[in-house]
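What follows is one structure encoded as structure tokens, with my remarks underneath.
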Ligand SMILES: [Zn+2]
């Protein structure tokens, strides 16, 4: 791929071999790329039953996002219904020892008191060309993959191999009926058994990730009872939750606090307008938030303008006085600031 033709600052060669293998080769090896071993992949569970009907998935205007994701054909929302006497499946047994979000966390640099910035790229894996361009950005970034992306195992392994942290990007119901979050999305009004089944299927779609954030979800995340079922599943698996905050009154933070689970919230959306100039302006906003709070979480998407702006900004981040970290590092710092060790104590007071 002629990466340089698209990104002046691109210093990587990206090879895509007919869907069989993905190699993302930075010219300069990132120091954090050493010693990152991709965990063995569990056999993926089916995320959805294929439907004969296909609909394009468009991206929700997440907090006003205007640019739609690249069109992709996916099955329509599943109409699967639970059996009449179905019982709620038990939550997975809590694994002893280190929780998954710490086990799969990409090591963070020493901050030396500098403000931390985490950049999450959502909607990964659906638009392959742009997703691969995003993977070529200097790390550690946090890459949030949709569970219905093609070649999910290969894409996520490639992301980890070049030093990025992984998240599951969970499709949830938006307020606008015109937006389609994708197959088997988590929607309001589902029987709790079916809700858990869908959450479990997504969570089993790949492995090696630290947690989940919501794709769309401006309607579902307001449903505290539904969010509790989903977040209980994450918490039982030792995963963190990042609330994308696609709606101001999301129930995510209050439910996460009540469960005492590791969580964080998005501070800035980078690309509601994905022109390079706008993304640059949003990155300045991210810097201001990080100076004020000591940390900031930005969310962007694999759009051309976003990738171009990040490719220019990321190599300068340290000179500008910040440390780029994976999102788990900010969650960890928040938990420690709340008086306990990461993953060991409840954070209901934070
Ligand atoms: Zn999304």
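The values are calculated or read from the model by the stated rules, or taken from the named source; none is laboratory data. Remember, predicted model here, so these are calculated numbers, not experimental data. Note: ideal-geometry Cβ built from the backbone for every residue, glycine included; neighbour counts use all protein chains shown.
Table for the structure above
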| quantity | calculated |
| --- | --- |
| Flag for residue 223 being surrounded by fewer than 20 Cβ atoms within 10 Å (Cβ to Cβ) and either more than 27 Å from residue 106 (Cα to Cα) or within 13 Å of the ligand (Cβ to nearest atom) (or both) | no |
| Qualifying positions in the stretch 229-250 - part of a loop (DSSP other than H, G, I, E, B), touching a strand residue (DSSP E or B) at 6+ places or on another chain (Cβ under 9 Å) and free of Cβ contacts under 8 Å to residues at least 40 places away in the same chain | 250 |
| Residues that are crowded, with 18+ Cβ neighbours inside 10 Å and either on the phi > 0 side of the Ramachandran plot or within 16 Å of the ligand (Cβ to nearest atom) (or both), drawn from the stretch 247-263 | 247, 250, 252 |
| Single unsatisfied condition, residue 143 versus (1) within 14 Å of the ligand (Cβ to nearest atom); (2) buried (at least 20 other Cβ atoms within 10 Å of the Cβ); (3) not in a strand (DSSP E or B) | (3) |
| Count - residues of the stretch 284-299 that are over 19 Å from residue 113 (Cα atoms), away from the ligand (no atom under 16 Å from the Cβ) and crowded, with 24+ Cβ neighbours inside 10 Å | 0 |
| Some residue of the stretch 165-172 being assigned to a strand (DSSP E or B) and away from the ligand (no atom under 12 Å from the Cβ) | yes |
| Answer residue from the stretch 233-246, given it is away from the ligand (no atom under 16 Å from the Cβ) and over 15 Å from residue 190 (Cβ atoms) and is surrounded by the fewest Cβ atoms within 10 Å (Cβ to Cβ) among those | 236 |
| Any hit, the stretch 300-308, residues being under 18 Å from the mean Cα position of the chain (by Cα), farther than 11 Å from residue 118 by Cβ and assigned to a strand (DSSP E or B) | yes |
| Residue check for residue 279: surrounded by 24 or more Cβ atoms within 10 Å (Cβ to Cβ) and either more than 22 Å from residue 149 (Cα to Cα) or within 15 Å of the chain's Cα centre (by Cα) (or both) | yes |
| Meets criteria (within 16 Å of the ligand (Cβ to nearest atom) and farther than 24 Å from residue 246 by Cα) for residue 152 | yes |
| Filtered residues of the stretch 131-150 (kept if over 16 Å from residue 215 (Cβ atoms) and modelled with pLDDT of 95 or more) | 132, 133, 135, 136, 137, 138, 140, 141 |
| Identity of the residue in the stretch 146-160, touching a strand residue (DSSP E or B) at 6+ places or on another chain (Cβ under 7 Å) and not in a loop (DSSP other than H, G, I, E, B), that ends up surrounded by the most Cβ atoms within 10 Å (Cβ to Cβ) | 159 |
| Filtered residues of the stretch 87-139 (kept if in a helix (DSSP H, G or I) and touching a strand residue (DSSP E or B) at 6+ places or on another chain (Cβ under 6 Å)) | 101, 131, 132, 134, 135 |
